[in-house]
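The values are calculated or read from the model by the stated rules, or taken from the named source; none is laboratory data. Keep in mind it's a predicted model, so treat the numbers as computed, not measured. Here the Cβ positions follow ideal geometry from the backbone for every residue, glycine too, while neighbour counts run over all protein chains shown. All accessible areas refer to the heavy atoms of the entire protein, side chains included, with ligands and DNA or RNA removed. Shrake-Rupley method; radii C 1.70, N 1.55, O 1.52, S 1.80 Å.
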Amino acid sequence: MTEPTLGKDLLGLEGLTKAQVELILDTAEPFKEVSERAIKKVPALRGKTIVNLFFEASTRTRISFEFAEKRLSADTVNVAASGSSVSKGETLVDTARNLEAMRIDMVVIRHGSSGAAKFLADRIRSNVINAGDGTHEHPTQGLLDLLTLRDRFGKIEGLKVAICGDVLHSRVARSNIWGLLKLGAEVAVCGPATLIPPQVVELGVQIIPRIEDAIAWADALNILRLQLERMQAGFIPSLREYNRVFGVTRERLARAPKELAILHPGPMNRGVEIDSDVADGPHSVILPQVTNGVAVRMAVLYLLAGGGPDWRSGGGGDDR
Amino acid sequence: MSDLLIRGGRVIDPSRATDGVADVYVKDGKIEAVGRNIPAQPGASIIDAAGKVVAPGLVDLHVHLREPGFEHAETIATGAMSAAAGGFTAICAMPNTDPVTDSQATVGFVVRQAIRAAKARVYPIGAVSIGQNGEQLTEFGEMVQAGAVAVSDDGRPVATSHLMRTALEYAKTFGIPVADHCEDMSLAKGGAMHEGIISARLGLKGIPSAAEEIMVARDIILAELTGGHVHLCHMSTKGSVALIRWAKERGLRVTAEATPHHFTLTHERCEGYDTNAKMNPPLREAADREAIRQGLKDGTIDCIASDHAPHHYDTKEREFDDAPNGIVGLETALGLGLRELVEPGLLSLPDLLARMSTVPARIFKLPGGTLMVGAPADVVVFDPAERWTVRREDLHSRSTNSPFLGETLSGRVQLTLVGGRVAYDRSNRQIL
Ligand SMILES: [Zn+2]
């Protein structure tokens, strides 16, 4: 049997096989150690040029990618394209052509429109990594969540994970759903019905309407960030009530039959979807998520560049 | 103009419910005779139509020709040429141009440009409200005088129930229908495709079927209140078909159209974020497509309209959210009707032609849709068996935004006559 590879791009977890997801997680494992070294650098991507093309502001994801790239010795350029979808300036297709003309090796794209990463990937020869496209997918976030769960529980299969909050508008939720289902977890979503697409049941995900029931059911909660604009758009009446009805609080967790792992993709709205004593509490794996984010992104970059299992000997990608 | 003898075709005239091999003789731009073994007068051109279908030219109640204002996407001339190439002899141009067709003068402009183009006939549809702003009624009477055949704010719905009510009442004076694009804007806001499993997976904001059905219900209720004639544009959902069936059972003056893309495609076509699958109303689910097909079969949906919506390549070549809605449809409508409705046995060929010519002509009270002696010689000749592949370079529209590029369709137009004049002839394009 041939080893799985990732192909040209990482656009989402929906299109990956179980073997591909496991390949990324397994490849990330040794990269964790690189970040613990005094000299946090391996030469795996030396000579590769990577553009971080961010049409939406995202400090966390951009910095995580940048560290991953630098620790693999790649040359990186950050482009913060102002304006989101209906751009005042250059169109995405022109941006794509310009990148192509500069002969860059990889593009990490964050964009406000669903499908933007695929749009770019279809038009350029460089590898494209989706760092979040609209409300579609955020695959490296999904992968780092999987890695964190695997670290905590030893395996994903059979795990019960409840994704809580604004599932409708969440690319993190979509990537988590695909990744978890592929690795054999049971997945539930929980939140106000205005923010839960009912069609998720067709994917094999159950809907748990009340947070208390989700807490009673789950081994782990992945608590989504509630965008403040959802209130203006009329999806919820107030943040106060959201916290009262759907917030993950210490009191609610105290009634859980077992100790739950608490994940949050960040940035958190403390006191809205999650209370501070939960976020900072003993079961929170929110900071390990951040650490794993760098390792997972190193793995993705390395694999897309054509790297084999022998990066420690310095030979990744074209070096061979 | 010399006489024309179209000899030996299968002549199908839904207006008289006739179907059989015959000759059609055209003189002075009119149908002079239909029958067997008509002798050609000296000097008459003879067209051999053996093995072909000869029918009334197709009539499309819903096209967007983009002139004035968006001539880079289409002009009245290129749209009328595209129509003729698709077998259409009459098309009705929606008023959402820039400026909006909302006055005698702007209606007159469309009429004059169409005469200059001299291809398919182009009938203007005037706006319901000035600037399509949903506030003040336009001058229906003057627009009708200048050539408007209906009113519509298409591109958007007739904004309020009050405006729809007054439009239906006022339009009665002039005997014209109010054509409505049914969409509850508050439900549809920001939507890029049908709301369902595919939109949930792709992370695109969905437009629920209810957004259309609420407005269909409103319009039906107001048709009952006013006794006016409402024409429901591009119906796309199962629920809409049920509502129209109910309205017709009540004897209301409600007519409806459906597009070839809604009876052919489903929301699954949006996979991969193909912007040529982005339209409004959006492509719906298989059950909706089936309901549209059944509606066309039983007459709940009266006619087929293309909703021809040309867009320049650049504007479709972008993120799905930001791409404009719509596809070109004039040159693929007949082929899709044959492939999707006639070949599977859902409609007979005469029924399809009725829904594409005779019936729409009656709805907007247009000449055409008939091969009656004395009628204008608006005629299409096509080979229903010929299969052809839709290629970008073969389309006559200025835009080629079609989800059917590369597909094989059935039935190719050979000849289109408008008032006895050759508007399209595939055998010898250079004489045009
Ligand atoms: Zn419309």
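Here are the numbers for the structure shown:
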quantity: Buried on assembly, the stretch B:188-203 (at least 50 Å² less accessible surface than by itself, 1.4 Å probe); calculated: B:Ile197, B:Ala200, B:Arg201, B:Gly203
quantity: Under 26 Å from the Cα of A:Lys160 - lysines, other chains or at least 8 residues apart; calculated: A:Lys18, A:Lys32, A:Lys182, A:Lys258
quantity: Translational diffusion of the stretch A:32-151, µm² s⁻¹ [Kirkwood Rh, Cα pairs; Stokes-Einstein; 20 °C; 1.002 mPa s]; calculated: 142 µm²/s
quantity: The stretch B:58-363 - percent of accessible surface contributed by carbon and sulfur, probe 1.4 Å; calculated: 51 percent
quantity: For the protein assembly as shown, alpha-carbon Rg and Dmax in angstrom; calculated: 30.3, 101
quantity: Of the DSSP H helices in chain B, those whose Cα atoms cover at least 15 Å axially and whose Kyte score averages 0.0 or more; calculated: B:104-117, B:209-226
quantity: Projected label distance in nm at A:Val245 and B:Glu343, using a 7 Å step from Cα toward the beta-carbon; calculated: 5.2 nm
quantity: Separation in nanometres of the label points that stand 7 Å from Cα toward Cβ, at A:Ser238 and A:Arg152; calculated: 3.2 nm
quantity: Among B:Pro282, B:Pro39, B:Pro260: highest mean-square fluctuation, GNM of chain B, C-alpha pairs under 10 Å; calculated: B:Pro39
quantity: At 0.692 mPa s and 37 °C, Stokes D of chain B from Kirkwood alpha-carbon radius, µm² per second; calculated: 153 µm²/s
quantity: Solvent-accessible area, 1.4 Å probe, carbon plus sulfur percent, for the stretch A:185-315; calculated: 54 percent
quantity: Kirkwood Rh and Cα Rg combined as Rg over Rh, evaluated for the stretch A:216-300; calculated: 1.02
quantity: A:Ser276/B:Thr389 FRET efficiency (R0 60 Å; Cβ-Cβ; nearest 0.05); calculated: 0.40
quantity: Potential extension, B:Ala17-B:Glu271 segment - 0.36 nm per residue separation minus Cα distance; calculated: 87.2 nm
quantity: Spacing of the two label points (7 Å from each Cα toward its C-beta) at B:Arg250 and B:Ala210, in nm; calculated: 2.1 nm
quantity: Proximal lysines to B:Lys248, defined as alpha-carbon separation beneath 27 angstrom and excluding residues fewer than eight positions away on the same chain; calculated: B:Lys172, B:Lys238, B:Lys297, B:Lys365
quantity: Drop in accessible area of at least 30 Å² in the complex versus isolated chain, residues of the stretch B:280-322, 1.4 Å probe; calculated: B:Glu317, B:Arg318, B:Glu319, B:Asp321, B:Asp322
quantity: Average silhouette area of the stretch B:159-201, convex hull of alpha-carbon atoms, in square nanometres; calculated: 4.0 nm²
quantity: Rh (Kirkwood; distinct C-alpha pairs) - the stretch A:167-211, Å; calculated: 10.6 Å
quantity: Antiparallel bridges, percent of DSSP beta bridges restricted to the stretch B:58-363 (to nearest 5); calculated: 5 percent
quantity: Helix runs (DSSP H) in chain A reaching 20 Å along axis by Cα, Kyte-Doolittle at least -0.5; calculated: A:18-34, A:139-153, A:286-304
quantity: Computed [θ] at 222 nm, deg cm²/dmol, the protein assembly as shown (DSSP H ≥ 4; -39,500 (n - 2.57); rounded to nearest 500); calculated: -9000 deg cm²/dmol
quantity: Distance cut-off 13 Å, percentage of C-alpha pairs in the stretch B:378-432 lying past it; calculated: 65 percent
quantity: Coordinate range along principal axes, alpha carbons of chain A, Å, largest first; calculated: 55, 46, 38
quantity: Antiparallel DSSP beta bridges within the protein assembly as shown, as percent of all bridges there, nearest 5; calculated: 35 percent
quantity: 21 Å tail of the calculated P(r), the stretch B:277-432, as % of Cα pairs; calculated: 53 percent
quantity: For the stretch B:90-203: rounded, prolate or oblate by the Cα gyration tensor [a/c cutoff 1.5]; calculated: oblate
quantity: Over the stretch B:360-407, volume per residue of the alpha carbon convex hull, in Å³; calculated: 148 Å³
quantity: Total accessible area lost when B and A pair, probe 1.4 Å, Å² to nearest 100; calculated: 1600 Å²
quantity: log₁₀ of I(q)/I(0) at q = 0.14, 0.18 Å⁻¹ - the stretch B:29-118, Debye sum with one point per alpha carbon; calculated: -0.64, -0.84
quantity: Whole-number accessible area per residue in Å² for the protein assembly as shown, which is evaluated in the context of all protein chains at 1.4 Å; calculated: 38 Å²
quantity: Distance between the stretch B:67-92 and the stretch A:109-167 - C-alpha centres, whole angstrom; calculated: 45 Å
